[in-house]
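Visitor: Take this structure first; my questions come after.
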Amino acid sequence: MADDNKDFEPILVGFFCNWCTSTAADLAGTTRLQYPPNIRPIRTMCSGSVDPIYILRALLSGADGIIIGGCNPGDCHYVSGNYKARRRIAGLKTILDTLGLENDRVWLKWISAAEGQKFAVTMRDFTEKIKELGPSPFRKNWSV
Amino acid sequence: MPRNAMLEVKGGDITGTVRGFLEKLLEKKAVDALLVPVEVPSKKNVVQTMVTDIAQLADVSPLAPVMPVNTAKIISSVTKVAASTKKVGVILRSCELRALVEMVKLKQADMNNIVTIGIDCFGTYSVTDYAVFSQEHDTPAGEYLKKAASGTDTLLRPACKICQYPYPLTADMTIGLFGLPIEKEILVHSGTKEGDQVFEALGLDGEADPAKRDEALSALKSERQKLKEEFLAQVQQEAGGLDNMLSVLSACVACHNCRIACPICYCRECLLDSPTFVEWEAEKYLDWASRKGALRLPADSLLFHLVRMNHMGASCVACGLCEDACPNSIAVYKLFCLAGSRVQETFEYTPGRSADDELPLTAFKEEEFKGFEK
């Protein structure tokens, strides 16, 4: 599949916590780190505020990959939002996996505000992995 | 300390025996009111009814195989604004009781002064099947119990055929039927202090041997577990993958009846009915359509079901009323039973097992679910 999609540029959506991953993205930018431009970042106040509905909306609308970026365990600005996010993602990915709906397209990653480098590397990895997966089956399906 | 007593069944009239027991509850003032299934005058349905006058128990029919509404929803609407100040005894099937436990955890019902009376359940029919069945028999509940004992009831709803908990898990009192010679006697069991108080008020104690019921239940449990795994494997094969999912949901008209029937979906304003999802300018719809070249309308039916699974799947008690509520007979129960079961396995959570188990989506541990991170 990967070979057929050489020119495939995935549409990636990121839900990034205001207190960590969003700042890491800024840091990656200000330090001029290079990473693919496929990601469309959305700043949220906490990874714990990302209801599965937003992730599913993006997935079903045809996003090829969705990544949720939160604070490292123990570092949540609101004490426990990232732990709750992890549970929601565990539920969501279980459901997607059970129903055969491409659960590999949803990533959860902890990236602190200081980790600009990790942000750039993650975006590179993410883009690469989703390129390997190919376009989402939801992309062209009008009856979703 | 659990207490047990046997009730003698006279003339094979099991419903009459339960009625006698309920009448005593009111007569001895063990409770001030009862919320119990009563047969409507046309006999076509049996509906939950709040009874304060003993005379109104004449048509009570708690064993009739029909569950039009999950009683947890009814208790929620009765107690949500203000808890009951009088004691209300409520008859519940296991799935209703489990849903009630979940609703209490979700802060949608108040158990103050509610005395739960669970009944062993051989399964229920759809409301439409029951309406026909009840016209064909003089004593529909009795007829059904005979069929249930022989294990050949083809009218049972799919959810009931593979039900893992046909017996109440947390009831104050239980009316036990499994494994017993129900033509002659049935069991009353108290599992809590509330139940013990009723035992005392009624002077119920006596010789009772619940061992036979326990034996029958463990046999039934292992049989049902096997049936459920087979069922889920089959659903996974039928519904797995985007094309199959869309095929199962192809008749969905986005009426959201499944959500209304669901005892766990309590949101007064569902996000999926909110303006965010339905009220947009024509231009927006055209924009969405242009992305894929076409757009199915009403939009977002797959999104609706997937989001609902995420929101209530951990607490799904598999009562199957979602499927009964579907005007187009979509196998909603199959999908939700599958997704709910797997989510509950992930969280090692059994909805309705105990009021002390924390809801999976509000609790957390520092070290867990690393496999879901990247």
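The values are calculated or read from the model by the stated rules, or taken from the named source; none is laboratory data. Bear in mind that the values here come from a model prediction, so they are computed numbers and not experimental data. Here the Cβ positions follow ideal geometry from the backbone for every residue, glycine too, while neighbour counts run over all protein chains shown. Protein only, heavy atoms only, side chains kept; ligands, DNA and RNA dropped before computing areas. Shrake-Rupley method; radii C 1.70, N 1.55, O 1.52, S 1.80 Å.
Visitor: How many of the residues making up region A:99-110 are open to solvent by less than 10 Å² (accessible area, probe 1.4 Å), in contact with a Lys or Arg (Cβ under 7 Å, 6 or more places away or on another chain) and more than 17 Å from A:ALA58 (Cα to Cα)?
Guide: So the answer is 0.
Visitor: Got a number for residues in region B:31-42 being in contact (Cβ under 8 Å) with a residue 40 or more places away in the chain, open to solvent by less than 60 Å² (accessible area, probe 1.4 Å) and not in a strand (DSSP E or B)?
Guide: Residues meeting the conditions: 1.
Visitor: Could you check B:THR49 against (1) over 22 Å from the mean Cα position of the chain (by Cα); (2) farther than 23 Å from B:LYS212 by Cβ; (3) surrounded by fewer than 19 Cβ atoms within 10 Å (Cβ to Cβ) and say which number it fails?
Guide: Result: B:THR49 passes all but (1).
Visitor: Take the residues in region B:257-276 that are open to solvent by 40 Å² or more (accessible area, probe 1.4 Å) and charged (D, E, K, R), then tell me which one is farthest from the other protein chains (Cβ to nearest Cβ).
Guide: B:ARG268
Visitor: Further question: Can you find, within region A:111-137, the residue that is surrounded by the most Cβ atoms within 10 Å (Cβ to Cβ) among those that are more than 7 Å from every other protein chain (Cβ to nearest Cβ) and not in a helix (DSSP H, G or I)?
Guide: The qualifying residue surrounded by the most Cβ atoms within 10 Å (Cβ to Cβ) is A:ILE111.
Visitor: Further question on the same structure: Which residue, of B:GLU348, B:GLU279, B:GLU323, is more than 10 Å from chain A (Cβ to nearest Cβ) and buried (at least 20 other Cβ atoms within 10 Å of the Cβ)?
Guide: From the options B:GLU348, B:GLU279, B:GLU323, the qualifying one is B:GLU323.
Visitor: For region B:176-215, how many residues meet the condition of being open to solvent by less than 30 Å² (accessible area, probe 1.4 Å) and over 11 Å from B:ASN4 (Cα atoms)?
Guide: 7
Visitor: Now for a separate question. I need the full set of residues from region B:124-145 which are part of a loop (DSSP other than H, G, I, E, B), under 21 Å from the mean Cα position of the chain (by Cα) and farther than 18 Å from B:ALA171 by Cβ, in order please.
Guide: Once the filter is applied, which keeps residues that are part of a loop (DSSP other than H, G, I, E, B), under 21 Å from the mean Cα position of the chain (by Cα) and farther than 18 Å from B:ALA171 by Cβ, region B:124-145 yields only B:SER126.
Visitor: Please identify the pairs in which a residue from region B:350-374 that is basic (Lys, Arg) has its Cβ atom under 7 Å from the Cβ atom of a residue that is open to solvent by 50 Å² or more (accessible area, probe 1.4 Å), counting only partners at least 6 apart or on another chain.
Guide: B:ARG353/B:LEU169
Visitor: Looking at this structure, is A:ARG124 under 19 Å from B:GLY340 (Cα atoms) and not hydroxyl-bearing (Ser, Thr, Tyr)?
Guide: Here the answer is no, as A:ARG124 does not meet what is asked.
Visitor: Checking B:ALA339 against (1) without any contact (Cβ under 8 Å) to a residue 12 or more places away in the chain; (2) within 19 Å of the chain's Cα centre (by Cα), which single condition isn't satisfied?
Guide: (1)
Visitor: Are there any pairs, at least 6 apart or on different chains, whose C-beta atoms fall under 8 Å, with the first in region A:80-96 and facing chain B (nearest Cβ under 7 Å) and the second among the β-branched types (Val, Ile, Thr) and assigned to a helix (DSSP H, G or I), and if so, which?
Guide: Partner pairs satisfying both residue conditions: A:ALA90/B:THR346; A:GLY91/B:VAL343; A:GLY91/B:THR346; A:LEU92/A:ILE55; A:THR94/B:VAL343; A:THR94/B:THR346; A:ILE95/B:VAL343.
Visitor: Would you be able to say whether some residue in region B:290-298 is surrounded by 13 or more Cβ atoms within 10 Å (Cβ to Cβ), within 11 Å of another protein chain (Cβ to nearest Cβ) and assigned to a helix (DSSP H, G or I)?
Guide: yes
Visitor: Considering B:THR170, B:THR139, B:THR116, which residue is of a type in the set (S, T, N, Q), under 21 Å from B:MET50 (Cα atoms) and in contact (Cβ under 8 Å) with a residue 24 or more places away in the chain?
Guide: So the residue among B:THR170, B:THR139, B:THR116 that is of a type in the set (S, T, N, Q), under 21 Å from B:MET50 (Cα atoms) and in contact (Cβ under 8 Å) with a residue 24 or more places away in the chain is B:THR116.
Visitor: Scan B:ASP214, B:ASP209, B:ASP243 and give me the residue that is part of a loop (DSSP other than H, G, I, E, B) and out of contact with any helix residue (DSSP H, G or I) (no Cβ under 9 Å at 6 or more places or on another chain).
Guide: None of the others qualify; the one that does is B:ASP209.
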